[in-house]
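Asks: Dropping a structure here in structure tokens format, bear with me for questions.
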Amino acid sequence: MEVRVFRGVPGGEQGEVAYDVPPVEGMVVLDAIHHIQKHLQTDLACRWNCKAAKCGSCSAEINGTPRLMCKTRIDELPEGPVTVRPLAAFPLIKDLVTDVSWNYEVNKKIPPFTAAEGDRGPWRIQEVDIDRLYEFRRCIECFLCQDVCHILRNHDMRDRFYGPRFFVRVAGLEMHPKDVLNRVEQTRAEGGLGLCNITKCCTEVCPEHIHITDNAIIPLKERNADAHWDPINFVRRKLRRDSGGGAATRGLDEEPAGGPPR
Amino acid sequence: MAEPYTTIDCDVLVVGAGGTGLRAAVAAAEAGCRVQVVSKSLLGKAHTVMAEGGIAAGLGNVDADDSWTVHFADTMRGGKMLNNWRMVEIYAKEVIDRVFELERWGGLFDRTEDGRIMQRAFGAHSHRRLCHVGDRTGLELIRTCQDKAVHTPGVEVSMEYTLTQLLGDGHHVTGAIGYDRNDGQFVVVRAKAVVLATGGWGRMYRTTSNSWEGTGDGAAMAYLAGAELLDMEFVQFHPTGMIWPPGARGILVTEAVRGEGGMLFNSEGQRFMLEYDPQKKDLSSRDVVARSIFKEVKAGRGTPHGGAYLDIRHRGAEYIKKKLPSMWEQFHSLASVDITREPMEVYPTIHYTMGGVRVDPESAATRVAALYAAGEVAGGLHGSNRLGGNSLGDILVFGKRAGEYAAEYAKTVGSAPVIADAQVAEAQSDALRFLAGDGDATGENPYLLHEALQDAMQDDAGIARDQQSLTRSLEAILELQERAKRMRVGGGRVLNPGWHSCMDVVNMLTVSEAIVRSALERKESRGSQWRLDYPDLSEEQGRVNYAVYRDGELMRIRAVPLEPIPVELSRHLEDG
């Protein structure tokens with residue numbers, strides 16, 4: 001079985017190298033990479049931790065699709081060579097490993113969970129009030145959604161766009177019944193919520209099957225629309241010459257040129 | 001003369017960024033210290049994410065008569081009374097607050113009808129006690145602690161750094177040296193106090209639920225720095241790991257499957273746990289269930305792939321997908337098995353290490369000044385067998401304590417410690433000797449040595465052991481230690497997993513030697529230690545823990561008598 005693995009470092013020689021890997025029943029792509037490391041190329045770099053699809057470390061592009069290597073069975077891929085490449089949206093470090101530290105910087109910008117002063121619990125929370133949050137909390141931070149998102153991948157707008165992962169994060173905080181902050185304006189102005197044109201590429205690649213677009217991004221867009229585009233509020237702001245209202249006329253829902261990668 | 005390195009200064013160095021490390025970091029920073037967290041992986045990927053079942057805490061939300069005293073008694077009995085009673089007492093009392101604290105930090109739990117935190121049944125817990133969120137409680141815990149830590153002023157995190165050695169003089173630590181995995185450049189962290197939160201060591205076994213990180217770095221570093229390793233013979237086999245396909249072998253199948261009503265069957269359709277433990281049945285303690293599956297397979301009543309069947313179908317598809325979503329997904333994607341329609345095939349897998357660095361129960365201090373250890377890398381809480389759900393609680397309770405006491409100690413240290421250049425240079429050459437550079441790359445392959453070690457541990461120091469097998473295992477380890485000196489890898493220092501593996505192998509060999517020497521010393525069967533040549537409990541050996549320590553180049557072992565349990569606590573052991 002032929003496995004073609006991207007190898008190289010920035011500024012150095014780069015390209016796919018073909019390895020011959022003996023097939024084993026039920027093997028996943030990560031098994032093949034481990035075989036190569038052990039027997040053929042001890043310095044082949046990849047990230048992995050749990051090998052059980054619970055940590056989100058082994059993200060890569062397999063036959064061109066962002067996936068977890070530990071969860072992608074080779075017998076489910078089409079016949080022929082398997083290609084494994086690093087995430088294209090992030091800077092290469094070496095081989096299959098990219099620099100994803102930007103994501104951790106974004107997370108720092110999002111104000112953490114904050115309950116009301118003095119509201120220290122233990123709390124009574126009905127499950128129905130947090131039911132929709134469980135889905136968001138399943139996120140394993142594999143950053144496949146960030147990788148596939150054309151705003152990051154094709155337009156490199158990391159300076160003005162948080163990306164799907166962090167819209168999920170914000171939605172999880174905003175919808176928590178005990179959280180008292182409002183992060184919607186920040187997510188619009190700094191996080192570029194309006195740049196998302198809901199092509200659902202992120203939802204398609206999510207290994208945890210989180211409905212990122214439908215359940216996180218669209219509700220956030222609706223909250224943003226309520227705050228900025230509600231016509232009655234708009235008129236009220238105009239009448240009061242509320243300086244805060246000026247934000248509503250700036251750059252909202254700007255679309256970058258070009259479409260999603262298809 | 002040392003080659004150039006970066007120096008990081010801090011008050012408290014926290015090694016490891018799982019639940020323990022993050023909780024310790026928050027505690028030390030809140031006490032006013034500058035904290036440096038160093039993590040081998042990216043943040044949020046630590047082994048904590050693999051914990052599935054829940055956090056055991058005597059809240060009594062579901063079974064009203066549960067309390068910390070009952071939890072105390074269950075934990076002591078589960079550990080076959082070899083636990084440090086004071087650690088168990090502190091744990092059972094404080095874990096309740098830690099659960100509420102997690103909720104205050106934004107962590108989610110499943111809820112009861114009246115809106116309180118839901119609790120589920122688990123092996124050898126006499127009451128429904130595990131606070132959980134589906135079957136991904138560990139992920140919830142680490143994500144919550146991660147967000148808390150990165151937003152706590154004073155906490156700095158360095159991701160993808162490996163620390164290779166603690167610095168100090170054998171009685172006192174002053175920091176650690178290691179390298180940035182991504183560029184291979186050396187880094188020295190100067191610290192007034194150090195908290196080891198490096199987790200356990202399962203990678204020296206072939207069938208393991210541990211991630212690559214579980215190589216025992218913390219235990220090996222602590223041992224070399226002068227600390228003692230306690231109860232090392234006790235390695236937990238989780239009764240239910242995946243067994244097929246081959247690549248998935250060892251991946252954990254949460255005990256929550258049995259907590260939610262799953263039952264074990266052999267190939268003849270018999271529910272064998274009714275025989276091995278008629279009272280607790282499928283929810284007996286992990287040592288008992290693992291041995292039972294092992295015996296059934298040995299007796300020729302195993303499944304086609306050599307395990308037992310675990311069946312949860314009777315709970316219905318909707319319930320299974322709500323309570324065990326990641327198990328459904330795991331079997332569906334890796335084994336093409338729909339657990340709502342078919343039984344799972346399972347077999348014991350190495351899961352947890354009860355033993356570890358010997359610490360003071362109050363403060364998590366080791367016998368080396370300025371060095372603290374908490375969570376799985378520390379020993380004492382779980383005795384000879386850990387109950388499920390007691391690990392996620394352990395890491396919060398003792399993570400917090402370690403952080404607080406390390407901070408207190410750090411504040412008594414006036415100025416930043418002085419690091420000797422010679423010590424740095426020596427540690428650097430220790431790490432660099434494995435790189436062939438332009439020279440001859442022929443030497444031992446670290447991956448193949450690792451494989452040989454796994455054979456020695458799995459086959460001869462595994463679930464069932466005796467004098468002969470353990471002696472064989474020790475001989476193999478000592479020989480591998482010699483061969484490990486000749487490990488050589490090609491490639492450079494930039495993100496070179498072969499090179500990193502060399503360091504892992506050295507650590508695993510040290511820790512494996514401690515496991516086997518301790519297992520040889522304990523001539524009885526207790527908890528996870530099953531000696532075929534000594535099948536019974538020994539009253540005499542039940543009064544001691546064994547501690548391994550370094551004497552020059554030699555590994556020595558001594559018996560440490562157990563502290564007597566005070567009357568007001570032993571009273572609780574007689575109840576129920």
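Asks: Which of the following residues is in a loop (DSSP other than H, G, I, E, B) and surrounded by 23 or more Cβ atoms within 10 Å (Cβ to Cβ): B:Gly393, B:Gly399, B:Gly437, B:Gly388?
Replies: Testing whether each residue is in a loop (DSSP other than H, G, I, E, B) and surrounded by 23 or more Cβ atoms within 10 Å (Cβ to Cβ) leaves just B:Gly388.
Asks: B:Arg472 versus (1) over 23 Å from the mean Cα position of the chain (by Cα); (2) buried (at least 22 other Cβ atoms within 10 Å of the Cβ): which is the lone unmet condition?
Replies: (2)
Asks: Then there's this: Could you tell me which of the residues B:Ala431, B:Ala410, B:Ala456, B:Ala476 is at pLDDT 95 or above, closer than 30 Å to B:Glu101 by Cβ and aliphatic (A, V, I, L, M)?
Replies: B:Ala410 is the lone residue from the list that is at pLDDT 95 or above, closer than 30 Å to B:Glu101 by Cβ and aliphatic (A, V, I, L, M).
Asks: When you check B:Arg128 against the structure, is it part of a loop (DSSP other than H, G, I, E, B) and basic (Lys, Arg), yes or no?
Replies: yes
Asks: Any idea which of (1) part of a helix (DSSP H, G or I); (2) away from chain B (no Cβ under 11 Å) is the one A:Asn107 doesn't satisfy?
Replies: Of everything listed in (1) part of a helix (DSSP H, G or I); (2) away from chain B (no Cβ under 11 Å), A:Asn107 misses just condition (2).
Asks: Another question, if that's okay. Test of understanding: among B:Ile477, B:Ile463, which residue is β-branched (Val, Ile, Thr) and part of a helix (DSSP H, G or I)?
Replies: So the residue among B:Ile477, B:Ile463 that is β-branched (Val, Ile, Thr) and part of a helix (DSSP H, G or I) is B:Ile477.
Asks: Now a separate question. Mind checking which residues of the stretch A:4-13 are touching a residue at least 24 places away in the same chain (Cβ under 8 Å) and within 14 Å of another protein chain (Cβ to nearest Cβ)?
Replies: The answer is A:Val5, A:Phe6, A:Arg7, A:Gly8, A:Val9, A:Pro10.
Asks: Looking at A:Glu61, A:Glu25 in this structure, which one is within 27 Å of B:Met327 (Cα to Cα), in contact with a strand residue (DSSP E or B) (Cβ under 6 Å, 6 or more places away or on another chain) and among the charged types (D, E, K, R)?
Replies: Of A:Glu61, A:Glu25, the one residue that is within 27 Å of B:Met327 (Cα to Cα), in contact with a strand residue (DSSP E or B) (Cβ under 6 Å, 6 or more places away or on another chain) and among the charged types (D, E, K, R) is A:Glu61.
Asks: List the number of the failed condition for B:Glu362; all other conditions in (1) surrounded by fewer than 17 Cβ atoms within 10 Å (Cβ to Cβ); (2) within 28 Å of the chain's Cα centre (by Cα); (3) farther than 26 Å from B:Ile515 by Cα hold.
Replies: All conditions are met except number (3).
Asks: Where in the stretch B:240-321 are there helices (runs of 4 or more DSSP H), lying fully within it, with 2 or more residues that are touching a residue at least 60 places away in the same chain (Cβ under 8 Å), away from chain A (no Cβ under 14 Å) and more than 20 Å from B:Gly527 (Cβ to Cβ)?
Replies: B:256-259
Asks: Also: Is it the case, given these coordinates, that A:Ala45 is in contact with an Asp or Glu (Cβ under 7 Å, 6 or more places away or on another chain) and within 10 Å of chain B (Cβ to nearest Cβ)?
Replies: Yes; evaluated as a whole, the condition is true for this residue.
Asks: Sort out which residues of the stretch B:335-374 are of a type in the set (Ser, Thr, Tyr), touching a Ser or Thr at 6+ places or on another chain (Cβ under 9 Å) and closer than 18 Å to B:Ala410 by Cα, and write them in order of number.
Replies: The one that is of a type in the set (Ser, Thr, Tyr), touching a Ser or Thr at 6+ places or on another chain (Cβ under 9 Å) and closer than 18 Å to B:Ala410 by Cα: B:Tyr372.
Asks: Next question. Of everything in the stretch B:521-553 that's aliphatic (A, V, I, L, M) and touching a residue at least 40 places away in the same chain (Cβ under 8 Å), which residue is surrounded by the fewest Cβ atoms within 10 Å (Cβ to Cβ)?
Replies: So the residue we want is B:Leu532.
Asks: In this structure, is B:Ser429 of a type in the set (Gly, Ala, Ser), within 14 Å of chain A (Cβ to nearest Cβ) and not in a loop (DSSP other than H, G, I, E, B)?
Replies: No.
Asks: If I ask for residues that are under 16 Å from the mean Cα position of the chain (by Cα) and β-branched (Val, Ile, Thr), which ones from the stretch B:11-38 would you list?
Replies: Within the stretch B:11-38, B:Val15, B:Thr20 qualify.
Asks: Let me ask you something else. For A:Pro112, all conditions in the list (1) out of contact with any His (no Cβ under 7 Å at 6 or more places or on another chain); (2) within 12 Å of chain B (Cβ to nearest Cβ); (3) not aliphatic (A, V, I, L, M) hold save one; what is the number of the exception?
Replies: Failing condition for A:Pro112: (1).
Asks: Give the number of residues within the stretch A:14-42 that are in a strand (DSSP E or B) and facing chain B (nearest Cβ under 9 Å).
Replies: Matching residues across the stretch A:14-42 total 1.
Asks: Please enumerate the residues belonging to the stretch B:458-505 that are aliphatic (A, V, I, L, M) and in contact with a helix residue (DSSP H, G or I) (Cβ under 6 Å, 6 or more places away or on another chain).
Replies: Once the filter is applied, which keeps residues that are aliphatic (A, V, I, L, M) and in contact with a helix residue (DSSP H, G or I) (Cβ under 6 Å, 6 or more places away or on another chain), the stretch B:458-505 yields B:Ala461, B:Ile463, B:Leu470, B:Leu474, B:Ala476, B:Ile477, B:Leu480, B:Ala484, B:Met487, B:Val489, B:Val505.
Asks: Could you check B:Arg556 against (1) surrounded by fewer than 16 Cβ atoms within 10 Å (Cβ to Cβ); (2) in a loop (DSSP other than H, G, I, E, B) and say which number it fails?
Replies: Failed condition: (2).
Asks: Also, quick follow-up: With the requirement that a residue be touching a residue at least 24 places away in the same chain (Cβ under 8 Å) and not in a loop (DSSP other than H, G, I, E, B), what does the stretch B:333-355 give you?
Replies: B:Leu334, B:Ala335, B:Met344, B:Glu345, B:Val346, B:Tyr347, B:Pro348, B:Thr349, B:Ile350, B:His351, B:Tyr352, B:Thr353
Asks: With the condition kept exactly as written, say whether any residue in the stretch B:209-221 is surrounded by fewer than 24 Cβ atoms within 10 Å (Cβ to Cβ) and facing chain A (nearest Cβ under 10 Å).
Replies: Yes: the stretch B:209-221 contains one or more residues that are surrounded by fewer than 24 Cβ atoms within 10 Å (Cβ to Cβ) and facing chain A (nearest Cβ under 10 Å).
Asks: Hey, can you tell me all the residues within the stretch A:12-68 that are among the acidic types (Asp, Glu) and farther than 18 Å from B:His450 by Cβ?
Replies: Answer for the stretch A:12-68, where residues must be among the acidic types (Asp, Glu) and farther than 18 Å from B:His450 by Cβ: A:Glu13, A:Glu16, A:Asp20, A:Glu25, A:Glu61.
Asks: Return the residue satisfying two criteria in turn: it lies in the stretch B:100-117 and is surrounded by fewer than 22 Cβ atoms within 10 Å (Cβ to Cβ) and more than 8 Å from chain A (Cβ to nearest Cβ), and of such residues it is nearest to the chain's Cα centre (by Cα).
Replies: The qualifying residue nearest to the chain's Cα centre (by Cα) is B:Glu101.
Asks: Only one of these is within 14 Å of chain A (Cβ to nearest Cβ) and of a type in the set (Ser, Thr, Tyr): B:Thr340, B:Thr353, B:Thr349, B:Thr366. Name it.
Replies: Testing whether each residue is within 14 Å of chain A (Cβ to nearest Cβ) and of a type in the set (Ser, Thr, Tyr) leaves just B:Thr349.
Asks: Let me ask another. Would you confirm, using the coordinates I've provided, whether B:Lys80 is over 21 Å from B:Gln119 (Cβ atoms), charged (D, E, K, R) and within 12 Å of chain A (Cβ to nearest Cβ)?
Replies: Judged against the criteria, B:Lys80 is not a match.
Asks: Report those helices (runs of 4 or more DSSP H) wholly inside the stretch A:133-221 carrying at least 1 residues which are surrounded by fewer than 24 Cβ atoms within 10 Å (Cβ to Cβ) and among the hydroxyl-bearing types (Ser, Thr, Tyr).
Replies: A:201-205
Asks: For B:Leu82, state whether it is crowded, with 24+ Cβ neighbours inside 10 Å, on the phi < 0 side of the Ramachandran plot, of a type in the set (A, V, I, L, M) and touching a residue at least 12 places away in the same chain (Cβ under 8 Å).
Replies: Against the criterion (crowded, with 24+ Cβ neighbours inside 10 Å, on the phi < 0 side of the Ramachandran plot, of a type in the set (A, V, I, L, M) and touching a residue at least 12 places away in the same chain (Cβ under 8 Å)), B:Leu82 qualifies.
Asks: If I ask for residues that are over 30 Å from A:Lys71 (Cα atoms) and either aromatic (Phe, Trp, Tyr) or touching a strand residue (DSSP E or B) at 6+ places or on another chain (Cβ under 9 Å) (or both), which ones from the stretch A:104-127 would you list?
Replies: Residues satisfying the conditions are A:Phe113, A:Pro122, A:Trp123, A:Arg124, A:Ile125, A:Gln126, A:Glu127.
Asks: Exactly one of these conditions fails for B:Gly184: (1) within 18 Å of B:Met503 (Cα to Cα); (2) more than 24 Å from the chain's Cα centre (by Cα); (3) not in a loop (DSSP other than H, G, I, E, B). Give me its number.
Replies: It fails just one condition, (3).
The values are calculated or read from the model by the stated rules, or taken from the named source; none is laboratory data. As the structure is a prediction and not an experimental result, all values here were calculated from the model. Every residue, glycine as well, gets a Cβ built from its backbone with ideal geometry; the counts of neighbours run over all protein chains shown.
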